[in-house]
1. Tell me, what is the 1.4 Å probe accessible area of residue 362, in Å² to the nearest 10?
2. Using r as the Cβ-Cβ distance of residue 49 and residue 80, and R0 as 35 Å, what FRET efficiency do you calculate, to the nearest 0.05?
3. Taking θ = phi - 60°, what integer Hz values does the Karplus form 6.51 cos²θ - 1.76 cosθ + 1.60 yield along segment 340-347, in sequence order, with x for Gly and Pro?
4. Expected output is a single nm value to one decimal: the length gained when fully extending between residue 492 and residue 425, i.e. 0.36 nm times separation in residues minus the C-alpha distance. What is it?
5. Across segment 452-462, in residue order, what do the Karplus-derived ³J(HN,Hα) couplings come to in whole Hz, using 6.51 cos²θ - 1.76 cosθ + 1.60 with θ = phi - 60° and x for Gly and Pro?
6. By how many nm would the segment from residue 417 to residue 275 lengthen if fully extended, with 0.36 nm per residue of separation less the alpha-carbon distance?
7. Tell me, what are the semi-axes, in whole angstrom and largest first, of the equivalent ellipsoid of segment 292-412 as set by the roots of 5 times the Cα gyration tensor eigenvalues?
8. Taking N as the number of residues in segment 1-113, what value does Rg over Cα atoms divided by 2.2 N^0.38 Å take?
Amino acid sequence: MNSTLVSTPLADIDTPLLAVAVAAGTDLPVSLGPLDQASGRALSRAMASGEFKGKRDETVFAYGSGKARRLLLVGMGKTNEVTRNSVRRAAGVAAKRTRALGTGRFAFAVCAEARNGIATRDQVQVVVEGAAHGGWAFIEMKRPSDELRGAIEGVDVVVDRSEAAPAEAGRALGDAVAAGHVLARQLQMQPGNVCTPAYLAEQAQALARSHGFGVTVLGPAELAKEGMGALLAVAQGSAQEPRFIALEYRGAGEAAPVVLVGKGITFDSGGISIKPALDMDQMKYDMSGAAAVLGTFEVLGRVRPKLNVIGLIPSTENLPSGTAVKPGDVIKSHLGKTIEIVNTDAEGRLILCDALSYARRYKPAAVLDAATLTGAIVIALGSQASGVMGNDDALVAEVRDAGERAGERCWPLPLWDEYRDLVKSDIADVKNSGGRGAGSIAGGWFLREFVEGFPWAHLDIAGTAYTDGDGPHQAKGPTAFGVRLFTEFLLRRAGS
């Protein structure tokens, strides 16, 4: 998807669809008067009829005699509650409607009365992000047909000519984030027989070639030499070889880097502790943390902020076989701690613990990991927020703030010392599951056992990485959760 800026008055914009985001109210905003007049009063009639009140996600089409062939009003709720996220979501709603119509492209404006003090740069950025999100589609594995509609081609963002400079800055950043978002969703959507650990490594190498990143890929022999016993234990049941991927973006000399870690289980059957058959196909999404890291590096390659970032992706399948790790086995991690395997379906934390141990060599300023780690987080928070835990309250607050700006919200869960008992083992240093109670916290505490010498925050994205159905602003399937949050976090750290 591409984006452009348009400074033409609304009434003069020649487009197949002009969408205007408005706040709740019963009267047509004054700023839309010329557009309403050019459309033969189509907008005022729509509002006067009471069928459109500007509530969040509410839409109404209007057809008139103006240059825009179709007009779409999109509600954002009360004016004093309009935020960046409101605008992003409204653009997503408009883009999804555009894709359904098959017009390919649309223009989008935010009604002047509904801006609620949002800066031009921010407004344009989130419009582009929202348009890419709502207009996305995955059709590459379907046979072409006249009825098949792919992603929208682009969005024309309407801005005032006097705001051209900040608008262009916002558009460029929005384009970069949108590109990272699309990459992550495309990777998430690939089936497990395509998106293997080797495939993820190839995508990382392609990113490195495109943007000049450093990249290291470890295979089985290198992993054994490195002592990554936990990752190798999960991998031993699969015919697909594991990979450990390290991407390096250097934008700030010798400054301590931020390390992003993404869980890369390309298919999770549960191993010997096998999952129920129902919905097991969705376990191709168990590499969503890895997709978020790769998508974020796409953004970094385009924006080039002044900081250093390392991306670490441990990747394997988790399958049952005669060689698979078994409940009751004891393995040795990269850090040297021994782990009792009590549930082979608690495998994500095993591959992440080796990555967190590996991260020590970078002497990081902070480490963030993202993982579809526990079903328990879905019970706790549903699909509206990810769980966040960590060993540094200031870092957790920083992550939450980035999530609010990104529209990827997080809610903190405690890692009190009392919860450590959940992962105590009778025969090893730790065990990999604490049972049903406080399942997400047990997963977080297990990871904390392998964090030494750096601030760390863990994002459990099992409830937010993908959706089971369509929403008004997004299609069913992958959400690329983490790309926008990581980007906001990194740019704020870089002072951008």
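The values are calculated or read from the model by the stated rules, or taken from the named source; none is laboratory data. Because the structure is predicted, anything quoted here is derived from the model rather than measured. Here the Cβ positions follow ideal geometry from the backbone for every residue, glycine too, while neighbour counts run over all protein chains shown. When the accessible area is computed, the model is the full protein with side chains, heavy atoms only, and any ligands, DNA or RNA have been set aside. Shrake-Rupley method; radii C 1.70, N 1.55, O 1.52, S 1.80 Å.
1. Rounded to the nearest 10, that gives 40 Å².
2. The pair residue 49/residue 80 has a calculated efficiency of 0.85.
3. 8, 8, 9, 8, 6, 7, 9, 8
4. Full-extension gain reported as 20.1 nm.
5. 3J(HN,Hα) across segment 452-462, in whole Hz: 9, x, 8, x, 9, 9, 10, 10, 8, 9, 4.
6. Taking residue 417 through residue 275 to full extension adds about 48.1 nm, to one decimal.
7. Values: eigenvalues 159, 75, 43 Å².
For segment 292-412, the ellipsoid semi-axes come out as 28, 19, 15 Å.
8. On the way: Rg = 12.8 Å, N = 113, 2.2 N^0.38 = 13.3 Å.
Cα Rg divided by the expected 2.2 N^0.38 Å: 0.97.
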